[in-house]
Amino acid sequence: MPDPSAVDAAVAVFADLREEGRELDSLVGELTVPDWARATPAPGWTIAHQIAHLHWTDRASLLSLTDATGFGHLVEEALKAPDTFVDEGAREGAELAPAELLARWRTTRAALDEALAAASPDTRFPWYGPPMKAASMASARLMETWAHGQDVADALGVRRTPTERLRHVARIGVRARDYAYAVRGLPAPAEQFRVELTAPDGAQVWTYGPPDAPQRITGPALDFCLLVTQRAHRADLGLLATGPDADRWLDIAQAFAGPAGAGREPGAAR
């Protein structure tokens, strides 16, 4: 029998993912056709590419939950072009008329929401990396939606209000610490770090790791999330590292799977 607390946590992240999608939808839902072609901070990607990428990954998530064979075919295609399949998926979607792309993204988001709610909470579903439970998949989708939504907001000159939903992004960023080292061929520190992040409400502090750990990261949760999704350079953020290992981590941190990203240049507008 599933743990009731785990079920409640899953329901909460499903709701947060739904709300994150709605917030981004409110930014792009009324854009003119020329606005969809606006450049975003990701080189070569327009707003249309950003939404097309989210649609592509939402569709992959939906297949993982509902059609393992269909998802397996996606993996086979990815293995044929491991360095370009993400960009190819975004480019294919970006070539659609904006109204069609928007409609497809909305339809797939709704179907994914239903599939997550119907998924067994203890089942692990296939992915491009390790299999994931539905709640973890929803957290990953929220992180991507928020990060690519930041690119869209930057392209439109919109400053978004950070929400409590960032706790999912922050948690992934902390948990992905060792991956950031591994993807660069570096050994990860043996000891855990202490991470203390001031929540968007300014009152709560989200904490991770041993309270007495000598290697520490402190600062605003928003800044940490921008860092681990590589939407801002650490020089432009209010994060403080205590200890050489923690300081090094801030230079390489990433919450997303795949190769090490180039990140943003210092002073880039956001």
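The values are calculated or read from the model by the stated rules, or taken from the named source; none is laboratory data. Computed from a predicted model, the values in this text were never measured in an experiment. So basically every Cβ, Gly included, is an ideal-geometry build from the backbone, and we count neighbours across all protein chains shown.
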Give the number of residues within the stretch 18-38 that are assigned to a helix (DSSP H, G or I) and either basic (Lys, Arg) or touching a residue at least 24 places away in the same chain (Cβ under 8 Å) (or both). 13
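Matching residues to (1) within 20 Å of the chain's Cα centre (by Cα); (2) hydroxyl-bearing (Ser, Thr, Tyr); (3) within 29 Å of residue 163 (Cβ to Cβ):
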position: 20; (1), (2), (3): yes, no, yes
position: 33; (1), (2), (3): no, no, no
position: 62; (1), (2), (3): yes, no, yes
position: 69; (1), (2), (3): no, yes, no
position: 73; (1), (2), (3): no, no, no
Does the stretch 100-121 contain any residue that is surrounded by fewer than 17 Cβ atoms within 10 Å (Cβ to Cβ) and within 21 Å of residue 230 (Cβ to Cβ)? no
One residue from 48, 12, 52, 42 being part of a helix (DSSP H, G or I), over 19 Å from residue 103 (Cβ atoms) and either in the same structural domain as residue 138 (by TED's automatic domain parsing) or in contact with a Lys or Arg (Cβ under 7 Å, 6 or more places away or on another chain) (or both): 12
Which residue, of 234, 264, is in contact with a Lys or Arg (Cβ under 7 Å, 6 or more places away or on another chain) and either at negative phi or of a type in the set (S, T, N, Q) (or both)? 264
Report, by residue number, each residue of the stretch 121-158 that is part of a loop (DSSP other than H, G, I, E, B) and in contact (Cβ under 8 Å) with a residue 24 or more places away in the chain. 121, 122, 126, 127, 128, 129, 158
Identify, from the list 175, 194, the residue that is closer than 26 Å to residue 16 by Cβ, at pLDDT 95 or above and surrounded by fewer than 17 Cβ atoms within 10 Å (Cβ to Cβ). 175
Within the stretch 60-97, which residues are part of a helix (DSSP H, G or I) and polar (S, T, N, Q)? 61, 64, 66, 69
Listed by first then second residue, the pairs whose first member lies in the stretch 234-257 and is part of a strand (DSSP E or B) and modelled with pLDDT of 95 or more, whose partner is of a type in the set (Phe, Trp, Tyr) and surrounded by 16 or more Cβ atoms within 10 Å (Cβ to Cβ), with beta carbons under 8 Å and at least 6 positions apart or on separate chains, are 241/249
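Looking at 213, 260, 268, which is the one that is at pLDDT 95 or above and not assigned by TED's automatic domain parsing to the domain that holds residue 54?
Only one candidate qualifies: 213.
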So for the stretch 72-86 (the condition being closer than 25 Å to residue 263 by Cβ and at pLDDT 95 or above), does at least one residue qualify? no
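Filter the stretch 258-267 for residues that are without any contact (Cβ under 8 Å) to a residue 40 or more places away in the chain and surrounded by fewer than 13 Cβ atoms within 10 Å (Cβ to Cβ); which is nearest to residue 143 (Cα to Cα)?
The residue in question is 262.
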Is at least one residue of the stretch 156-179 hydrophobic (A, V, I, L, M, F, W, C) and in contact with an Asp or Glu (Cβ under 9 Å, 6 or more places away or on another chain)? yes
Based on this model, can you work out whether residue 170 counts as at pLDDT 95 or above, touching a Cys at 6+ places or on another chain (Cβ under 7 Å) and crowded, with 18+ Cβ neighbours inside 10 Å? yes
